[in-house]
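See structure below.
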Amino acid sequence: MLDRLLLSILNIKGFGPKFLFRYKDYLIEAENSCETVLEAISFVFEKTNRIQKVALEEINEGINVANKILEDCSSYNIEVLNFLSQDYPQQVAEVTELWPLLYAVGNHKLLNRYSVGIIGTRTPDQVGMKISNRIGEYCTEEEVNLILNQQKGVTIEVLKEFDGTFVGVAASSLDQLYTPDHDIHSATMKCVVSPFPPTVTYDEYRYIEACKVVASLSNRLVLVQDAPTDDTRFVLSYFSRMERILGVILPVNNTLNHPKNAGNRLLIEKGKDGMISYCKAKDVNNKTFKCTIKVLENKNDFPQFFLEEELPF
């Protein structure tokens, strides 16, 4: 009943994720003590002094919307993961309260593995492609679980040489990408996750939201190559505010000043100030910046960065 309860409240005007995270203890109590969703919602609203502020018609409408979402998820074999479930990714729960529910297809157990995110331009040059290929090879050998945006360029080049487990992050709902009988539903080496319920199509806002999911799922993150552009800055904007480690690929000497490497060069040469300039976001500043930047000069630096153990640089 918990999925239905959370979705119902989210679809009542005036209630959002903050309410659910704030009153999670009441939600758990309601699930354990109430027999119907309506009863559970009434219980939570009584406990939080909201019961007089919401009409019964609004509550019933929220329940109807929730029922439709869960029916669609069932039809498309989409797994619903709520933030009170053991299957909800803990690395997300540690850093954000944006998504009370996530939606997944494939092996959702991969969401709770130690993971490294890989980001970069959609249009890498030959050197960027080669580095992406090497990362794919290395992470296959070392069995590193990857987090990847579903976009062209660096992501595709990594996957060309990668034969391990990974999580793809979608910028639309999963029913827009996979039919109910798609092979993804029986996959053991892959998971695709989305913060959006069924029927949500791609747009720029949803792309930015997906970038936040990439950042949150990544215990560590690698910037392969970028100018900088919107291909990476939204992920970096969110990741930079976490106490996690960002690895920046050092361009080879004869390409250091190439336009496609301008983002890498900015972070390598200017560190925190470079990140603030790169992201161009009001909420990335001297007070909010928390990540540690490590320069990855060559493949010899990979073991110290990609593996879960903390090793000195």
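Here, each number is a calculation from the coordinates, and none is a lab measurement. Remember, it's a predicted structure, so these values are computed and weren't measured experimentally. Note that we place each Cβ from the backbone using ideal geometry, even for glycine, and neighbour counts take in every protein chain shown.
Filter K13/K280; K190/K287; K13/K152; K109/K287; K109/K282; K160/K299 down to the pairs with a C-alpha to C-alpha distance above 27 Å, please. Provide the component values of the computation, followed by the final result.
On the way: K13/K280 32 Å; K190/K287 37 Å; K13/K152 37 Å; K109/K287 35 Å; K109/K282 35 Å; K160/K299 18 Å.
Check vs 27 Å cut-off fails for K13/K280; K190/K287; K13/K152; K109/K287; K109/K282.
Can you tally the net charge around L266? Count Lys and Arg as +1, Asp and Glu as -1, for every other residue whose Cβ sits under 14 Å from the Cβ of L266. Don't skip to the end; give the middle numbers.
Numbers: positive: R233, K260, R265, K270, K272, K280; negative: D226, E269, D273.
Counting the neighbours of L266, the net charge comes to +3.
On C-alpha positions alone, give me the angle between the axis of helix 24-33 and the longest principal axis of the chain, in degrees, nearest 10.
Tilt relative to the chain: about 40 degrees.
Once you keep just the Cα pairs under 8 angstrom separated by 6 or more residues, what percentage relative contact order results for the stretch 215-313?
32 percent
Test of the criteria: in the stretch 30-132, which chymotrypsin sites (Phe, Trp or Tyr not before Pro) are in a DSSP loop and have at most 16 other Cβ atoms within 10 angstrom of their Cβ? Working shown, then result.
Values: sites: F43, F45, Y76, F83, Y103, Y114; in loops: Y76, F83, Y114.
Sparse-neighbourhood loop chymotrypsin sites (Phe, Trp or Tyr not before Pro): Y114.
Sort S194, S33 so the one with the fewest other Cβ atoms within 10 Å of its own Cβ comes first.
S33, S194
Any lysines with Cα under 17 Å of the K294 Cα? List them, leaving off those in the same chain fewer than 8 positions away.
Within reach: K270, K272.
Magnitude of the Cβ-charge dipole of the stretch 2-75, K/R +1 and D/E -1, about the Cα centre, nearest 20 debye? Working shown, then result.
Working: 9 positive and 12 negative charges, 86 e Å.
Charge dipole, the stretch 2-75, about its Cα centre: 420 debye, nearest 20.
Can you list the aspartates and glutamates whose alpha carbon is less than 19 Å from that of K47, not counting same-chain residues fewer than 8 positions off?
Reachable aspartates and glutamates: D25, E29, E31, E35, E39, E58.
Mind checking the dipole of the stretch 108-306: about its Cα centre, +1 per Lys or Arg Cβ, -1 per Asp or Glu Cβ, Debye to the nearest 20? Walk me through the numbers on the way to the answer.
Details: 24 positive and 23 negative charges, 149 e Å.
The calculated dipole for the stretch 108-306 is roughly 720 debye.
What's the angle, to the nearest 10 degrees (0 to 90), between helix 126-141's Cα axis and the longest principal axis of the chain?
Computed tilt is about 60 degrees.
For helix 204-217, what angle does its Cα long axis make with the longest principal axis of the chain, in degrees from 0 to 90 and rounded to 10?
Around 80 degrees separate the two axes.
Taking +1 at the Cβ of each Lys and Arg and -1 at the Cβ of each Asp and Glu, which of T48, V37, L7 sits farthest along the dipole of the stretch 1-79 towards its positive end, judged by Cα position relative to the Cα centre?
In the stretch 1-79, that residue is T48.
For E137 paired with L307, estimate the spin-label separation in nm (one decimal), with each label point 7 Å from Cα along the Cα-to-Cβ line.
Distance between the two pseudo-spin positions: 1.9 nm.
Roughly speaking, what is the centre-to-centre gap between the stretch 217-282 and the stretch 141-156 when only Cα atoms are used, to the nearest Å?
17 Å
Taking Cα extents along the principal axes in Å as the quantity of interest, determine which of [x] 53, 50, 37; [y] 68, 45, 35; [z] 65, 46, 27 was computed from the displayed structure.
This structure yields the entry labelled [y].
When DSSP beta bridges are limited to those with both residues in the chain, what percentage is antiparallel, rounded to the nearest 5?
25 percent
T48 to E243: extension gain in nm, 0.36 nm per residue of separation minus the Cα-Cα distance?
In short, 66.9 nm is gained.
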